[in-house]
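To keep things clear, I will list the structure first and then write my remarks on it.
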Amino acid sequence: MAVRTGEEYLEGLRDSREIWYAGERVQDVTTHPALKNAAQSLARLYDLQHQPDLKDVMTYPSPTSGARVGMSYIMPRTADDLVKRRHMMKVWADATCGMMGRTPDFLNVSVMGFASHREFFAQCGPQYGENIWRYYEYIREHDLCLTHTLVPPQIDRSKAASEQADPYLVLGVVRETGAGVIVRGARMLATLAPFADEIAVYPSTFRGFQGDEQRYATMFAIPVATPGLKFICREGFDLDRPLWDHPLGSRFDEMDCVAIFDDVLVPWERMFLYNNVELYNRTFGATRHLAHIGHQVAVKNIAKTEFVLGVACLIAETIGIKEFLHVQEKLGELVTYLETIKACVRAAEVDAEPNAAGVLELAQAPLHTVRLMFPYWYPRMVELLQTLGAGGFMMTPSQRDLESPVGPLIERYYQGANAAGSDRVKLFKLAWDLVGDAIGSRQVLYERFFSGDPVRNMALRYVTYDKAAVTDKVKAFLETY
Ligand SMILES: Cc1cc2nc3c(=O)[nH]c(=O)nc-3n(C[C@H](O)[C@H](O)[C@H](O)COP(=O)(O)OP(=O)(O)OC[C@H]3O[C@@H](n4cnc5c(N)ncnc54)[C@H](O)[C@@H]3O)c2cc1C
């Protein structure tokens, strides 16, 4: 099967999945008022794969079937492969202004990276190495969309999984059957779940299990529409509000859900790592996970930062503040974030090295820099936008106001230095979705946390960093006098 069209993707979502929204089971995520627009946005990404001028950017011939498959599945073996993958990911990131962090490429590169370390999973048993490889080929050939869930629910963080009030609050194995394993419990978040074909259950970077907590230490993937698997959505941001009023919130709410596994069967062939605390806790490091997923994240961050910078520059021009020194300084700060991320991506690509299977892995140090700094840079970008737009964010009447008897007053009194009233309002409403509306707040929270706790991530960087090179230099200097 070749790459899917948007309509084929949407058709795949019309199944028996159990998605709960505001107390009701969603009958069809492609038509539900809070979900349909995001589904359409994702469908457009699939359609881009069929745009004739983008064919070679978005797809490549499958090494097994020869059919055109999505470029984000490519197992990169040359520097050119990495550049091609970046170009493809940028097309998708730009299509959502960087607001959908979990476009399908996020997990496509992730599963590919795991498959390129199949020998790691084979340490758990040869079948698990085979399973991850076959799964990679399966999602590539069927052009599937995945969500993933890593973190146990936030019940009592001072206690281990096995010490919680009930041993099955945290997702764990209940029993084995001939067909597979029955699992029960919850995982805290699965962004994109209503719009995904499959859910992957992974280890998180540092939230491991201990000693005898084998039952929790499993890694697998199953269809979202598996019996017993339930997803409970948070409140949506896209409550049928007009596109003009909320251009980001009405299109790019990728939705976050709690995943509840109510005695769910995981077939053996979908198990990648089973009952093995030691391997589970080492998965991210041993498979150099950041080497691929960090690429997608950084490219998305480029798209997002470009978008914020573009909005900031237009605000400065529209209200005549661009000649003020501190405004230029703030815009320069945004430019610097953007150029730093771009430099890190190029450095990571140029310094990529092959793994044992000959698959190129990006240098991790520059990707760590992006991963660790963006949780601080993105909230700062939003703060800078707020500082530039100031009270102007409150001069944001709705489209209905513009069409009402006060419309002419809005055209007159809401005008900018070089913009008609309606154009200035349009720009500021877009900016409000970034800085003030629920979707903007969620974006800030997302960038702070989606890649793990920023505090522990940063501390881990220090702990694992090779410090001898710098301390030896200072010691040598101390010896000179
Ligand atoms: C918008 C959004 C989307 C997300 N999407 C996904 C997804 O699709 N899939 C997924 O798996 N996850 C997802 N996540 C979850 C993300 O992985 C977690 O938020 C992140 O790992 C932090 O864990 P936590 O939220 O449970 O915070 P906690 O670990 O509960 O931390 C809460 C606070 O307590 C502190 N703290 C807790 N424990 C310790 C400790 N042991 N030592 C020191 N300090 C501690 C933290 O520093 C923090 O300040 C998403 C998160 C957000 C916000």
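The values are calculated or read from the model by the stated rules, or taken from the named source; none is laboratory data. Quick caveat: nothing in here was measured; it's all calculated off a predicted structure. Note that each Cβ is placed from the backbone with ideal geometry, even for glycine, and that neighbours are counted across all protein chains shown. These area figures cover heavy atoms from the full protein model, side chains too; ligands, DNA and RNA do not enter into them. Shrake-Rupley method; radii C 1.70, N 1.55, O 1.52, S 1.80 Å.
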Practice task
Could you pull out every one of the lysines with an alpha carbon less than 20 Å from that of K467, ignoring same-chain neighbours closer than 8 positions?
Solution key: K475
Exercise for the section: Place the peptides 292-302, 36-46 in order of packing, highest mean first, counting for every residue the other Cβ atoms within 10 Å and averaging per peptide. Expected result: 292-302, 36-46
Handout entry: segment 152-168 - phi-based ³J(HN,Hα) in whole Hz, Karplus 6.51/-1.76/1.60, Gly and Pro as x
Key = x, x, 7, 9, 9, 6, 7, 10, 6, 4, 6, 9, 5, 4, 9, x, 10
Practice task
For R241, tell me the accessible area in Å² from a 1.4 Å probe, rounded to the nearest 10.
Solution key: 70 Å²
Practice task
Find the all-direction average of the projected area of the Cα convex hull for segment 171-265, expressing the result in square nanometres with one decimal place.
Solution key: 7.4 nm²
Practice task
Return the Rg/Rh value of segment 378-418, two decimal places, where both radii are evaluated on C-alpha atoms and Rh is the Kirkwood radius.
Solution key: 1.12
Handout entry: Whole-number D in µm²/s for segment 1-68 (Stokes-Einstein; Kirkwood sum over Cα pairs; 20 °C, 1.002 mPa s)
Key = 159 µm²/s
Problem - Mean Cα-pair separation over length for segment 171-257, i.e. relative contact order, pairs under 8 Å, 6 or more apart, % - result: 31 percent
Practice task
Report, in degrees rounded to the nearest 10, the 0 to 90 angle that the Cα long axis of helix 36-48 makes with the longest principal axis of the chain.
Solution key: 80 degrees
Fill in the blank from the handout: Whole-percent carbon and sulfur contribution to the accessible surface of the chain (1.4 Å, no ligands, DNA or RNA) stands at 57 percent
Practice task
Quick one: order L239, L273, L265 from most to least accessible surface, probe 1.4 Å.
Solution key: L239, L265, L273
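Using a 10 Å cut-off on Cβ atoms, rank the peptides 334-346, 153-165 from the highest mean neighbour count down.
334-346, 153-165
For the chain, give me the percentage of DSSP beta bridges that are antiparallel, rounded to the nearest 5 percent.
Details: 31 of 39 bridges.
Close to 80 percent.
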Completion exercise
The answer for the chain, accessible area per residue at 1.4 Å probe in Å², is 42 Å²
Practice task
Express the C-alpha Rg of the chain as a ratio against the empirical globular expectation 2.2 N^0.38 Å, rounded to two decimals.
Solution key: 1.03
Problem - Cα pair count fraction exceeding 18 Å, expressed as % - segment 37-130 - result: 51 percent
Problem - Length-normalised contact order of the chain in % [C-alpha pairs under 8 Å, at least 6 apart] - result: 16 percent
Completion exercise
With every protein chain in place, the accessible area of E119 for a 1.4 Å probe, in Å² rounded to the nearest 10, comes to 90 Å²
Practice task
State, to one decimal in nm, how far the label point of E130 lies from the label point of S162, with both points 7 Å from Cα in the Cβ direction.
Solution key: 3.1 nm
Exercise for the section: Could you pull out every residue, at least 5 positions away or on a different chain, whose amide H is within less than 5 Å of the one on A217? Hs are placed 1.01 Å off N in the peptide plane, and Pro or chain starts have none. Expected result: N275, N276
Fill in the blank from the handout: HN-Hα couplings for segment 250-259 via Karplus (6.51, -1.76, 1.60; θ = phi - 60°), in whole Hz with x for Gly/Pro, come out as 7, 10, 10, 7, 7, 6, 10, 10, 7, 9
Handout entry: Selection of GluC sites (Glu not before Pro), segment 372-418, meeting DSSP coil and at most 16 other Cβ within 10 Å
Key = E403
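For segment 1-83, what relative contact order do you get, as a whole percent, if you take Cα pairs closer than 8 Å and at least 6 residues apart?
Rounded, it is 30 percent for segment 1-83.
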Handout entry: the chain: angle of helix 105-115 to the longest principal axis, Cα-based, in degrees nearest 10
Key = 20 degrees
Problem - All Cα pairs of segment 50-197, percent lying beyond 26 Å - result: 39 percent
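Is the C-alpha gyration tensor of segment 388-467 telling us rounded, prolate or oblate? Criteria: a/c under 1.5 is rounded; beyond that, a/b larger than b/c is prolate, otherwise oblate.
Judged from the Cα gyration tensor, segment 388-467 comes out prolate (a/c at least 1.5, a/b above b/c).
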Fill in the blank from the handout: extent check for segment 98-141: Cα max minus min per principal axis, descending, whole Å, gives 39, 19, 11
Problem - Helix-only [θ]222 nm of the chain, DSSP H runs n ≥ 4, -39500 (n - 2.57) each, per residue, nearest 500 - result: -15000 deg cm²/dmol
Exercise for the section: Using only Cα atoms, find the angle between the long axis of helix 454-464 and the longest principal axis of the chain, and express it within 0 to 90 degrees, rounded to the nearest 10. Expected result: 50 degrees
Handout entry: HN-Hα J in Hz across segment 409-414 - Karplus 6.51, -1.76, 1.60, θ = phi - 60°, x for Gly and Pro
Key = 5, 5, 4, 7, 8, 9
Practice task
Please list the non-local residues whose amide H lies under 5 Å from the amide H of E361, H modeled 1.01 Å from N, same-chain partners needing a gap of 5 or more.
Solution key: E353, N355
Exercise for the section: Quick one: which residues, 5+ away or cross-chain, put their amide H under 5 Å from the amide H of V151? H built at 1.01 Å from N. Expected result: M188, L189
Practice task
Name the shape class, rounded, prolate or oblate, that the alpha-carbon gyration tensor gives for segment 243-397, where a ≥ b ≥ c are the square roots of its eigenvalues, rounded holds for a/c under 1.5, and otherwise prolate holds if a/b is larger than b/c and oblate otherwise.
Solution key: oblate
